[in-house]
1. Just the number, please: carbon plus sulfur as a percent of the accessible area of the chain, 1.4 Å probe, no ligands or DNA/RNA counted.
2. Take the chain, connect every pair of alpha-carbon atoms lying under 10 Å apart with a spring to form a Gaussian network, then pick out the residue of THR84, THR28, THR36 with the largest mean-square fluctuation.
3. Relative to the present Cα-Cα distance, how much length would full extension add between ASP73 and LYS134 at 0.36 nm per residue of separation?
4. Only bridges with both residues in the chain count here: give the DSSP antiparallel percent, nearest 5.
5. For TYR91, TYR104, write out the residues from largest to smallest accessible area, computed with a 1.4 angstrom probe and no ligands counted.
6. Taking the full set of protein chains and a 1.4 angstrom probe, give the accessible area of LEU138 in square angstrom, rounded to the nearest 10.
7. Once phi is turned into ³J(HN,Hα) by the Karplus curve 6.51 cos²θ - 1.76 cosθ + 1.60 with θ = phi - 60°, what whole-Hz value does each residue of region 147-159 show in order, with x for glycine and proline?
8. For the chain, just say rounded, prolate or oblate: build the C-alpha gyration tensor, square-root its eigenvalues into a ≥ b ≥ c, call rounded for a/c under 1.5, and beyond that prolate if a/b exceeds b/c, oblate if not.
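The values are calculated or read from the model by the stated rules, or taken from the named source; none is laboratory data. Just so it is clear, the model here is predicted, and its values are computed rather than measured. Neighbour counts are summed over all protein chains in view; Cβ atoms, including those assigned to glycine, are modelled from backbone coordinates with ideal geometry. Protein only, heavy atoms only, side chains kept; ligands, DNA and RNA dropped before computing areas. Shrake-Rupley method; radii C 1.70, N 1.55, O 1.52, S 1.80 Å.
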Amino acid sequence: MFWPIVDERALVVGGKANTNEQIREAVTQSAEETITFGRTLAELLTPPKLVLLRGDLGAGKTTLVKGIAAAFDASSEEDVTSPTFTLIHEYRGPHAILYHIDLYRIDTPRELDTLALDDLRSENSILLIEWGEKFPRLLQDCDVEISLERSGENGRSIRVSGL
Ligand code: ADP
Ligand code: MG
C-alpha cells in the first residue's frame, strides 16, 4: 500500500505474515513533526475505527491527535487538549466524529463500562484511545495500534500497525 512520505525518515519496516497488516514507522524530532505525521496518518484512517495510542506520559499521544483532528477538519490543533480529567473529548468534522479518550484514571472494567464507549462506535466515528491497552477487551477490539516511544529529549519513534 502507498505510504505518503512525511519526510525521508518515514518508512515501512515490515509486514505481518497472514494478514495484510504492515507496520509503519517514523521518527520525529519535534512536536510539530509529530503533528504533521498525525495529519498524514489521518489520510489512511477511515471510519469506523478504534485506535489505541500507546506510550508513556509525555510520549506525544495527545500531540499526535492534534494532527489527526486537524486533518479531519474536526478541530484546530490548539483546541485539542488532553482529556485526562474530562475522559472523553468529541471533535466533529464533516466526514467523521473523533472521540479522544484518556483512560489513565480508569482502573477497573466496571469503571470502563460506565463510559459506555460502545455507544460512541458508529459508521462515522473514530475512537482514539490513550491507555486503552490496560483493558484486554479494548486490545481485542482495536483496529489500529500506534505506539510512541521517546528517544532523547525531543525524538519520538512512532510505530503504526493495522493500517
Ligand atoms: P501524552 O499524551 O503521550 O502524555 P503529550 O502529547 O501530551 O503526551 O505531550 C508530549 C510532550 O512532549 C509535549 O509537551 C510536546 O511538546 C513534547 N514533545 C517534544 N518532542 C516531541 C515530539 N517529537 N513529538 C511529540 N511531542 C513532543
Ligand atoms: Mg495525552
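1. Numbers: 4030 of 8300 Å².
Solvent-exposed carbon and sulfur of the chain make up 49 percent of the total.
2. Fluctuation is largest for THR84.
3. Numbers: separation 61, 0.36 × 61 = 21.96 nm, distance 2.99 nm.
So the chain would gain 19.0 nm between ASP73 and LYS134.
4. Numbers: 22 of 37 bridges.
Rounded to the nearest five, the antiparallel share is 60 percent.
5. Values: TYR91 20, TYR104 95 Å².
The ranking, largest first, comes out as TYR104, TYR91.
6. Spelled out: LEU138, probe radius 1.4 Å, area about 0 Å².
7. Computed from phi, the couplings for region 147-159 are 10, 10, 9, 5, 9, x, 4, 10, x, 9, 9, 10, 10 Hz.
8. Numbers: a/c = 1.38, a/b = 1.30, b/c = 1.06.
It is rounded, given that a/c, with a ≥ b ≥ c, falls under 1.5.
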